[in-house]
Structure formats: C-alpha cells, structure tokens
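Have a look at the structure below, then the notes.
The values are calculated or read from the model by the stated rules, or taken from the named source; none is laboratory data. Everything numeric here is computed off the predicted structure, so don't read it as measured data. Note that we place each Cβ from the backbone using ideal geometry, even for glycine, and neighbour counts take in every protein chain shown. For accessibility, only protein heavy atoms count, side chains too; no ligands or nucleic acids. Shrake-Rupley method; radii C 1.70, N 1.55, O 1.52, S 1.80 Å.
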Amino acid sequence: MKRPRYNFKSKVWLYQGQNAVWHFVSVPKKLSKEIRETFGGLARGWGSLPVEVTIGSTTWKTSIFPDKKSETYLLPLKRDVRERAHVSSGQMVNIVLIVRV
C-alpha cells in the first residue's frame, strides 16, 4: 500500500495534566476520519498509529492518538521538536503527516 501524504494546517495547543503540560496539534476531523477508515484496523495500543511528521524543515517519527471526544487524532509535540521547529502554543503550523503502517 502506498503511504498517503497528508498536508494540513492546525494550531498548537496546551493540555495541562496533573503533573505536566503537554503540547498537541489536532488532526482535522475530516482527515482523522479518512485516516481511521484507512488505517484504523492496524492501530496499536490505545488506538495509536505510527507516523512520520514534518513541520518546516523538522522531520521526526512519533504516533498519533485517537481522541473520542473531539473525533480527531492528536499529535503530541515534544519539547525538542518544538524547539527545532520553532513552534509554540497558539501558533498555526503547516504539517505533513505520513502514516507508517
């Protein structure tokens, strides 16, 4: 199966958990539905899917996680990725996402 390349724009947002602050980007609902229909049967623990992500000139491998409440996938952004990509909370970013299954 050829790996589709998904391009989208989304805003970086914060989730403040019990002991930490996490940065995420939500994959748009329509795109999340397409990814779930295409790759959902190949999901790993917690429904995650392995992906390769590019923001600007920064590319890394991670996973996206389904969020039932918003009906989207959530893409976590670790500190080192945010620093390398020069992104912060509230910023709109252009993302290229490839599912790696």
Report summary line: For region 1-33 the number of residues that are open to solvent by 90 Å² or more (accessible area, probe 1.4 Å) and either among the charged types (D, E, K, R) or modelled with pLDDT of 95 or more (or both) is 9
Query raised in the report: Out of (1) part of a strand (DSSP E or B); (2) touching a residue at least 60 places away in the same chain (Cβ under 8 Å); (3) open to solvent by less than 70 Å² (accessible area, probe 1.4 Å), what's the single condition that is false for ILE64?
Result: (2)
Query raised in the report: Hey, any hits in region 39-58 for a residue that's in a helix (DSSP H, G or I), of a type in the set (D, E, K, R) and either open to solvent by less than 20 Å² (accessible area, probe 1.4 Å) or without any contact (Cβ under 8 Å) to a residue 60 or more places away in the chain (or both)?
Result: no
Query - Those residues of region 73-98 which are open to solvent by 10 Å² or more (accessible area, probe 1.4 Å) and assigned to a strand (DSSP E or B), in sequence order - result: LEU74, PRO76, MET92, ASN94, VAL96, ILE98
